[in-house]
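> Right, I'll just put the structure down here and ask away after.
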Amino acid sequence: MNFKTAIRTLLLGAAITASATLHAQTYDVLVGSSGGRLTAGFFSHGAPPASGFGVDFLTGQNLYRANFGDFAGGASKTNDPGFQGFAGTLAPGALLYARGLGNLQYWSPSATSWSAAPAGALVRLDGAVPTDIVTAYLFCQTGDEFLCDPALAAQYPQYEAGTRFSGSGVAGPNPAIIDDAAGNGSFHAHLDWAIENPNGAPASISGAYLLTMQLESPGYQSSTPFKILFNYGLNNTQFQQAFDSRTVAPLAPVPEPSSLVMMLAGLGLFAAWRGRSRRHG
């Protein structure tokens, strides 16, 4: 267990009790493999949602929900969703990655509509730092000229800054390391997410934030993309509205009465013309 994992475990155990209701609504990404391809399903630690798991009706991709503030790191942090894989999921020791796709989307509680995330907000993912880079960085910091590898150590700040999802795309390490599989091919990891402004301070723009990613691992084909919907500062009703806007397809519009009359008149004329055509024939 590396330092980040140890800290993450301690913080997970100190999760805020006041947000237990929101936290219970989240569920993990169930990582699997089939025919050499990774899969992303749903795993609930308790009873599954009564309404079922979410699927984005626009893309057909699985939709996971999470809430900033359900984590001891503060109102702008979360460690959901987690990534769960059972025995036999991956080869022993295989690394699992998350690759960010597209750009960060934003749902406004006032406009109740979607757009690219505003420039004042981004979502950051703290993935794991490769062991050789951490080792080289530590030796260089302590001045060990024999074990210090400056080329590897120079990569440490990039990993430490995390993978950043914004309205203009994905920056930083991409894909980000999620975890390495145990000897039986299983794993369970919760990474740290934060919502910030470009300067690293907590973002001030409340709303729902939607990002897309897929799973990768050497020797496997990438999984089908999936989406994560984050709640930042919305009440339960607003967040449910944002969730429904991606999971409930809108009904086809009903024609206005005048349009309906014109359509029926047109059908009547067409039927009369068809009748005359048959008689002449």
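The values are calculated or read from the model by the stated rules, or taken from the named source; none is laboratory data. Please read all numbers here as calculations on a predicted model, not as lab measurements. Neighbour counts are summed over all protein chains in view; Cβ atoms, including those assigned to glycine, are modelled from backbone coordinates with ideal geometry. In case anyone asks, the SASA skips ligands and DNA or RNA and just uses the protein heavy atoms, side chains included. Shrake-Rupley method; radii C 1.70, N 1.55, O 1.52, S 1.80 Å.
> I'm trying to understand the selection: among the residues of the range 205-252, which are surrounded by fewer than 17 Cβ atoms within 10 Å (Cβ to Cβ) and assigned to a strand (DSSP E or B)?
Passing the criteria: only Gln221.
> Still on this structure: Can you pull out every residue in the range 12-49 that is modelled with pLDDT under 85, under 21 Å from the mean Cα position of the chain (by Cα) and closer than 15 Å to Phe71 by Cβ?
If the condition is that a residue be modelled with pLDDT under 85, under 21 Å from the mean Cα position of the chain (by Cα) and closer than 15 Å to Phe71 by Cβ, then Leu12, Ala15, Ser19, Ala20, Thr21, Leu22, His23, Ala24, Gln25, Thr26 are the ones that fit.
> Would you tally the residues in the range 31-71 being open to solvent by less than 40 Å² (accessible area, probe 1.4 Å) and not basic (Lys, Arg)?
20
> Still on this structure, I have one more. Just name the residue that is modelled with the highest pLDDT out of those in the range 111-143 that are of a type in the set (S, T, N, Q) and out of contact with any strand residue (DSSP E or B) (no Cβ under 9 Å at 6 or more places or on another chain).
Thr112
> Cβ-Cβ below 9 Å, separation at least six or inter-chain, first residue in the range 77-100 and at positive phi, second among the hydroxyl-bearing types (Ser, Thr, Tyr) and assigned to a strand (DSSP E or B): which pairs?
Taking only residues 6 or more apart or on different chains, the pairs are Gly88/Ser33.
> Looking only at the range 90-111, filter to residues that are surrounded by 15 or more Cβ atoms within 10 Å (Cβ to Cβ) and in a loop (DSSP other than H, G, I, E, B); which one of those is nearest to the chain's Cα centre (by Cα)?
Ser108
> On to the next question. What single numbered condition from (1) within 27 Å of Leu38 (Cβ to Cβ); (2) touching a helix residue (DSSP H, G or I) at 6+ places or on another chain (Cβ under 7 Å) fails to hold for Ala136?
Failed condition: (1).
> Could you count how many residues in the range 226-248 are touching a Pro at 6+ places or on another chain (Cβ under 7 Å) and within 13 Å of Ser108 (Cβ to Cβ)?
Matching residues across the range 226-248 total 2.
> Just to verify a result, which residue in the range 178-194, among those that are in a strand (DSSP E or B) and under 24 Å from Tyr232 (Cβ atoms), is most open to solvent (accessible area, probe 1.4 Å)?
Applying the filter and picking the extreme gives Asp192.
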